[in-house]
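Here's the structure we're looking at; comments come further down.
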């Protein structure tokens, strides 16, 4: 447990990405992207358009909401949503939000959409419950707040058998539980059915509408959209392109090549396999007064080329030394050793390389490294101490 608590010393940025890595590879869409998907499937959303620069702003026509597009909840409480009842308020809202930072995240886009005349707010979502291996529907007549704060007796939940799929009776049960009249009930059932289609066809792990607004004229409209997709399905969704404005050019390059990579402000390059081991490696470096230059999770691979490419990325970060920490399983130790040797020759690396290898084919791996002038370590801490020492010796 001490390893993870130490992550606070490294960087708040690592805390965000470590949560992402540990929870699995997912892609969180911006609200405007989620609403584009909803619109395509016939789920009612407000009329809207995206503004990236002030010149994109259209002439004011009716009361509008200016919503910062960041991958973070609770924007309203943090000042990330503005309301405009005239042209000046619209321009001021866009000018104030574009380029600002909200809880550390940069706002590079805002969504301009019609202001809704709200009578009531509901909540509805479909998420993947990993322990049950099934989609779960959650609905409540108490929307507009975090679902965790709603009393359990006001929350409708239903597990959906993935083989049988969604059935209309689930919608009828939800409508009865929430006490909706026939007009609202028929709209809610249609939205829930379409939401399940989005969840299924778009490879989602979560689709959420909070709030689902009942307008004064009796319509149900998705006032917000939270969509999280399985990133492994992106080859089926080439139209989806989420560029995180917080990522550096090197991080974006690594992302395009399939690596989990974060630049930091230290001087020791880090290559390890598995998010947990990579985090523990950086924690151990910090405990020994070393400063990581990057986070790079090699993942599970048996490819020399992938190891070489990982070295190329780390070298672009210009560290003083490189630490490799591998526990061989799917990633075989001898493959990594061959990759290290190939990278050293290809890039003519003169920086210190310290390697800890353990696991499958570790004896062969150590022999490969020794033959090429690299001392292998079997335990992590001696390798950590060595790389910190050698880095400190470099002027």
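The values are calculated or read from the model by the stated rules, or taken from the named source; none is laboratory data. Since the structure is predicted, the reported quantities are computational estimates derived from the model, not experimental observations. Every residue, glycine among them, receives a Cβ derived from its backbone with ideal geometry; neighbour counts consider all protein chains shown.
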Of all residues being in a helix (DSSP H, G or I) and out of contact with any strand residue (DSSP E or B) (no Cβ under 7 Å at 6 or more places or on another chain) in the range 152-172, which is surrounded by the most Cβ atoms within 10 Å (Cβ to Cβ)? Just the residue, please.
171
Could you list, in sequence order, the residues of the range 332-357 that are buried (at least 19 other Cβ atoms within 10 Å of the Cβ) and closer than 22 Å to residue 393 by Cα?
344, 352, 353, 354, 355, 356
Can you tell me which residue is surrounded by the most Cβ atoms within 10 Å (Cβ to Cβ) among those in the range 360-384 that are within 33 Å of the chain's Cα centre (by Cα) and under 19 Å from residue 279 (Cα atoms)?
384
Could you name every one of the strands (runs of 3 or more DSSP E) located completely within the range 193-304 that has at least 3 residues being closer than 30 Å to residue 392 by Cα?
260-263, 268-272, 294-297
Failed condition for residue 289, given (1) over 21 Å from residue 350 (Cβ atoms); (2) touching a strand residue (DSSP E or B) at 6+ places or on another chain (Cβ under 9 Å)
(2)
Which members of the range 293-309 meet the condition of being touching a residue at least 40 places away in the same chain (Cβ under 8 Å) and within 22 Å of the chain's Cα centre (by Cα)?
295, 296, 297, 299
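Any chance the range 235-250 includes a residue that's touching a strand residue (DSSP E or B) at 6+ places or on another chain (Cβ under 8 Å), surrounded by 20 or more Cβ atoms within 10 Å (Cβ to Cβ) and at pLDDT below 95? So that I can check it myself, show each step before the final result.
Residues of the range 235-250 that are touching a strand residue (DSSP E or B) at 6+ places or on another chain (Cβ under 8 Å), as a first pass: 237, 240, 242, 245-246, 248, 250.
Right, trim to surrounded by 20 or more Cβ atoms within 10 Å (Cβ to Cβ) and you get none.
Checked the range 235-250: no residue is touching a strand residue (DSSP E or B) at 6+ places or on another chain (Cβ under 8 Å), surrounded by 20 or more Cβ atoms within 10 Å (Cβ to Cβ) and at pLDDT below 95.
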Taking the range 315-331 and keeping residues more than 28 Å from the chain's Cα centre (by Cα) and either more than 21 Å from residue 280 (Cα to Cα) or surrounded by fewer than 21 Cβ atoms within 10 Å (Cβ to Cβ) (or both) leaves 320
